[in-house]
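Shown next, in structure tokens, is the structure this report addresses.
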Amino acid sequence: MKINTLFAALLLTPAVAMSADADNGKELYDETYFEREINGEMRDDVTCATCHEPAFYTRSDRMASSYKNLEQAWVQGCNDKMNVGWFPEEVADVTAYLNKTYYKFPKE
Ligand code: HEC
């Protein structure tokens with residue numbers, strides 16, 4: 001059963017890569033827990049939302065400047081810096097979620 005699911009996932013991968021899945025991105029964003037020191041305390045229940053309120057993404061001096069920049073610099077950047085371990089497809093899904101919900105950049 002597990003193996004079948006894995007094969008199905010492998011078969012589906014090209015389709016997923018072609019169009020990022022914002023719903024999956026939301027799940028990843030909300031439910032990926034990682035380890036990080038927060039205010040001097042080592043925690044293992046950190047999520048993106050631990051550091052980022054929704055208003056962070058819509059403030060007037062936000063840093064992401066385009067869809068591509070959001071994906072490559074910021075979502076990928078925090079993924080790397082926090083050792084979250086998302087694959088490129090997952091970074092793409094989270095980007096699609098953040099863009100759909102907050103940034104609203106035209107997709108390049
Ligand atoms: C420990 C705190 C922390 C966590 C956890 C964190 N970030 Fe960040 N993030 C930052 C900081 C700080 C910045 C500001 C840029 C910098 O200083 O590198 C930032 C910037 C960003 C930006 C750019 C915002 C803008 O101004 O447009 C995005 C998007 C982002 N993070 C996404 C994420 C995602 C997705 C996750 C979950 C994997 C995440 N962050 C987890 C600290 C965090």
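Read-outs: derived from the displayed coordinates by stated rules, not from any lab. On a predicted model such as this, the values are computed, not experimentally measured, just so you know. Quick reminder, even Gly has a Cβ in these numbers, built from the backbone with ideal geometry, and neighbours come from all protein chains shown.
A few comments on the model shown:
- Whole-number D in µm²/s for region 20-103 (Stokes-Einstein; Kirkwood sum over Cα pairs; 37 °C, 0.692 mPa s): 252
- Gain in span if fully extended, LYS107 to GLU31, counting 0.36 nm per residue against the direct Cα distance: 24.8 nm
- Amide H partners (placed H, <5 Å) of ARG43, local residues excluded: ARG36, GLU37, ILE38
- Environment charge of GLY25, counting only residues whose C-beta is closer than 9 Å and scoring Lys/Arg +1, Asp/Glu -1: -3
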